[in-house]
Amino acid sequence: MLLNGIPNDNIPLTDRGLHYGDGLFETLAVVKGRPQLWDRHMARLARGEAALHLPSMDRSRLLLEAESLCEGCEQGVLKILVTRGSGGRGYRPPVPCDPRRILSLHPWPEIPATWYSDGIRLRVCDMRWSRNPKLAGLKHLNRLEQVLARQEWDDPGIGEGLMLDEFNSVISGTQSNLFLLRSGRLQTPDLSYSGIAGTVRELVIECAAGLDLPVDITTLTLDDLMAADSLFMTNSLWGVCPVSRLADTDYALGQIPTRLREAVAAAV
């Protein structure tokens, strides 16, 4: 673990990330010592810094630290946290602030091969996404909604949980973004008010455009999902993961265009 570029696993108790979730994070796949989709993750981090009024991190220094930490790692997970740094009691942020960056390297999670060959099963979570357009799409440290949603099941046969908002619009999985395919068109939820705009979600949309595959970013309901030809979930570790079943609805795995999956896999 690196704390401001120095090996250290002791975070000051005064850190505002601990007290208020005042910060951002990114989760990157690491392959052969290289953090993947670096530019896309840094672009989202920049959007978060602007929204939270945080000073922009030195990207070249951050990359050097990331590469140093990941050197020799064949496959793993890099987590980058940026907090506003330390401050006194109270919500008012310190001015100026001294941001703190924390980089940690983790083992690659066990992702069953059957998820890709046979698809995953989904459940619908009771926990809802709250709506906040100023924070929507960002990976800020306030992730309690997802923590509570993921706490709802322990069945290893369930691969992911779907989260809706207070108006019953489907937003995402607890740790992934959602796409559906219907009548030759891709659709993915509008994240203008809730959710996280994933880097692989962005990549899928761009790859689909390059393949002349229409993509609609729109409001979706559970009825829309039940009427879909196929579903798949995405995140920076899974890539494109097909869905086999939601509630009583089964989905055809072969409907997801092979050329799209190959294009995303090649980019990742």
| field | Filter result (touching a Gly at 6+ places or on another chain (Cβ under 6 Å), closer than 25 Å to Ala46 by Cα and assigned to a helix (DSSP H, G or I)) within segment 134-168 | value | none
| said: Against the condition within 21 Å of Ala247 (Cβ to Cβ) and in contact (Cβ under 8 Å) with a residue 40 or more places away in the chain, how does Asn142 come out, does it pass? | reply: no
| Is it the case that segment 157-164 has a residue that's modelled with pLDDT under 95 and of a type in the set (Asp, Glu)? | no
| Subset of segment 232-255 (residues that are touching a residue at least 60 places away in the same chain (Cβ under 8 Å), open to solvent by 20 Å² or more (accessible area, probe 1.4 Å) and under 12 Å from Asp118 (Cα atoms)) | Ser244, Arg245, Leu253
| note | When every residue in segment 256-268 that is within 13 Å of Gly184 (Cβ to Cβ) and outside any helix (DSSP H, G or I) is compared, the one most open to solvent (accessible area, probe 1.4 Å) is Pro257
| note | Flagged in segment 72-125 as in contact with a Ser or Thr (Cβ under 8 Å, 6 or more places away or on another chain) and open to solvent by 50 Å² or more (accessible area, probe 1.4 Å), in numbering order, are Lys79, Gly88, Asp98, Asp118, Arg121
| query | Among (1) in a strand (DSSP E or B); (2) crowded, with 20+ Cβ neighbours inside 10 Å; (3) not aliphatic (A, V, I, L, M), which single condition is Arg201 missing? | reply | (1)
| task | Taking the options Leu203, Leu237, Leu213, Leu260, name whichever one is among the aliphatic types (A, V, I, L, M) and farther than 30 Å from Pro107 by Cα. | result | Leu213
| remark: In segment 182-198, anything open to solvent by less than 10 Å² (accessible area, probe 1.4 Å) and among the aliphatic types (A, V, I, L, M) is listed as Leu186
| open to solvent by less than 50 Å² (accessible area, probe 1.4 Å), over 20 Å from Tyr116 (Cα atoms) and not in a strand (DSSP E or B): does that describe Leu225? | no
| Asn177 surrounded by fewer than 17 Cβ atoms within 10 Å (Cβ to Cβ), in contact (Cβ under 8 Å) with a residue 40 or more places away in the chain and either out of contact with any strand residue (DSSP E or B) (no Cβ under 6 Å at 6 or more places or on another chain) or not charged (D, E, K, R) (or both) | no
| message | For the list (1) under 16 Å from Lys139 (Cβ atoms); (2) aliphatic (A, V, I, L, M); (3) open to solvent by 70 Å² or more (accessible area, probe 1.4 Å), I need the number of the one condition that Leu18 fails. | response | (1)
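With the structure loaded, tell me whether Asp212 is at pLDDT below 95 and at negative phi or whether it fails that test.
Taking the combined requirement at face value, the residue does not satisfy it.
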| Which ones in segment 126-140 are more than 12 Å from the chain's Cα centre (by Cα) and open to solvent by 30 Å² or more (accessible area, probe 1.4 Å)? | Asp126, Met127, Arg128, Ser130, Arg131, Asn132, Pro133, Lys134, Leu135
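The values are calculated or read from the model by the stated rules, or taken from the named source; none is laboratory data. Since the structure is predicted, the reported quantities are computational estimates derived from the model, not experimental observations. Positions of Cβ are backbone-derived with ideal geometry, glycine not excepted, and every protein chain shown enters the neighbour counts. Ligands, DNA and RNA are stripped out before the accessible areas are found, and what is left, the full protein with its side chains, is counted by its heavy atoms. Shrake-Rupley method; radii C 1.70, N 1.55, O 1.52, S 1.80 Å.
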